[in-house]
Amino acid sequence: MTDATQQQMSFVELDGKDLPAFCPNPSMPVWSSHPRIYIPFDAHGEGKCSYCGTVYRIKPGTKVHGH
């Protein structure tokens, strides 16, 4: 996938209060639901749902606290 294609894809931007992140998220329509999974993030603050492909990104500057 090229960088231009990746930039055109939509994503869900998350703040610290939205963590831990899960999919489907509350803003998704019921018809598109699938089993709930928690989203693992990479070192760049990006994660992807393995069911529907929704991309989640942590907002730059967000402080993520451990458990």
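Sorted on the mean count of surrounding Cβ atoms within 10 Å across their residues, most packed first, peptides 57-65, 17-25 read 17-25, 57-65. Residues whose amide H falls under 5 Å from that of Y56, counting only those 5 or more places apart or on a different chain, are V12, G47, K48, C49, with hydrogens built in the peptide plane.
Computed from the coordinates by the stated procedures, all read-outs in this text should not be read as laboratory data. Values in this document were obtained by computation on a predicted structure and should not be read as measured data. So basically every Cβ, Gly included, is an ideal-geometry build from the backbone, and we count neighbours across all protein chains shown.
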